[in-house]
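K.L.:
I have a structure I would like to understand better, so I am pasting it below and will then ask my questions one at a time.
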Amino acid sequence: MKLTPDALTRARNIQRPAYDRAHVTPGIVHLGLGNFHRAHQAVYVDECLAATPDWGIRGVSLRRPDMRDALAPQSGLYTLAVRDGAGTAARVIGSVLEVVVAGEGIGPVLAAMTDPATRIVSLTVTEKGYCRDGAGDLGQAHPAVAADLATPERPGSVPGLLVEALRARRAAGAPPFTVLSCDNLPENGAALARVVLQFAALRDTELAEWITAEVAFPSSMVDRIVPATTEADRAEIAALTGLEDAWPVVTEPFCQWVVEDRFPAGRPDLAAAGVQFVSDVAPYEHMKLRMLNGAHSTLAYLGQLRGHETVADVMGDAELAELVADVMTQSAGTLSLPQDELSAYATRLQDRFRNPALHHMTAQIAMDGSQKLPQRLLAPIAEAHAAGRPWDALATGVAGWLRYLERFAPEDPMADELRLAAAKGPDAVLDLRAVFGDLSDAHWFREGVLARLPA
Ligand code: CS2
């Protein structure tokens, strides 16, 4: 039986939406409708729809049609399978109402974003979607940005798309939406505002001023480990529920969302669904990016080099498990939160990494290293060094990346440059200022990293 609203009524072992989907109307447009969004923000929104049904989600796939093709015959429904050593709990999420594909024509995407009912545009477009240069400014040489500056009414980049939608809303006299970044970047709201405002200023300075004055870009820290879905997942979930889902999503029990409470256009009651609203997200973002993601990147590269397929496999390698713990301790040393809280966080993270049922692939985390390393490992290295604290475990992670680049073909927006540099040797990779910034010139840094290159 294929998953459809009708079939759902006959399924077993499954939790169903606690509201009537017929009454749900869209209030959010989400850019980058991938597995992460479906296991995270869409679940929190699902919790809110019984009380406030006017916050349904219209999802946007930026390029590929495969998510739309999977979800459209299911009326947007999909299975969330939460897995740990004790088993799998299945739940059907109903908050995604439809999916549109930007690559097939930007018209429907802009129509959704300019609909006055849309009060939040949220994003999971990954680090590279922000089109930043090494200093965090809009990369004007970025091909998608250059194309959008030439034909701004048909945008293909994320900054171009947000600016065009905001321009159209302003022209129509409609209030703006709130722009909610859910990507793994420090101060992600401010990072996004910066590229959006720079793009807007290149188009029209008055528009840039209006965006500065009227549009809120709250920051948020998102956390849930979400592996890519496999054929084995599809089969296991069909066997459990009796429903064939074209694209279920598997995740861990842990889930966290810390959000800066700045939503002038309103928001669903996400606090009731467990979201933490705070005035400053930065301490949480730094903690998560350095302790979780920094350890993740380290174990991904070292794990790949030793032939470990999954995060749990790496945690079963005593030497690497110790390195992971050291990365967490050394990055915790750079953070301002109480150290006992941070050590409890580290213990919990290591338990999450050991989840035997998740099959989180090291190859998945190894992607896009050039975009990830600066905030995950390089910033804490610079700070630890300046404070005279240890940073050798963090340097081992960077060294792991250098070795990985020599032996694997990286999936990375800088793949060509990385391949060329890696062919010349690790020193040439360390010369890439777009990744390393001023650390490229720091003798202590180069020496510390090169001394830790794995065999
Ligand atoms: C991972 C993250 O792929 C990666 O780079 O480090 O996706 C990680 O699983 C999430 O940030 C966890 O919240």
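K.L.:
Tell me the residue from ARG132, ARG91, ARG119, ARG68 that is crowded, with 22+ Cβ neighbours inside 10 Å and more than 20 Å from GLY160 (Cβ to Cβ), please.
P.N.:
The unique qualifying residue is ARG119.
K.L.:
Within the range 361-381, can you find the residues that are polar (S, T, N, Q) and near the ligand (Cβ under 10 Å from one of its atoms)?
P.N.:
Within the range 361-381, THR362, GLN364, GLN371 meet the criteria.
K.L.:
Look through the range 194-208, keep the residues that are closer than 25 Å to VAL281 by Cβ and surrounded by fewer than 21 Cβ atoms within 10 Å (Cβ to Cβ), and return whichever of them is nearest to the ligand (Cβ to nearest atom).
P.N.:
Within the range 194-208, the match that is nearest to the ligand (Cβ to nearest atom) is ARG194.
K.L.:
Would you check if there is a residue in the range 65-82 being of a type in the set (Lys, Arg) and touching a residue at least 40 places away in the same chain (Cβ under 8 Å)?
P.N.:
no
K.L.:
A follow-up question, please. Restricting to the range 338-349, name every residue that is more than 14 Å from the ligand (Cβ to nearest atom) and under 29 Å from ASN35 (Cα atoms).
P.N.:
Hits for the range 338-349 are LEU342, ALA344, ALA346, THR347.
Read the figures in this text as sums done on the coordinates, not as results from a lab. Not measured: the values here are computed from a predicted model. Don't worry about glycine lacking a Cβ; one is built from the backbone with ideal geometry, like all the others, and counts go over all protein chains shown.
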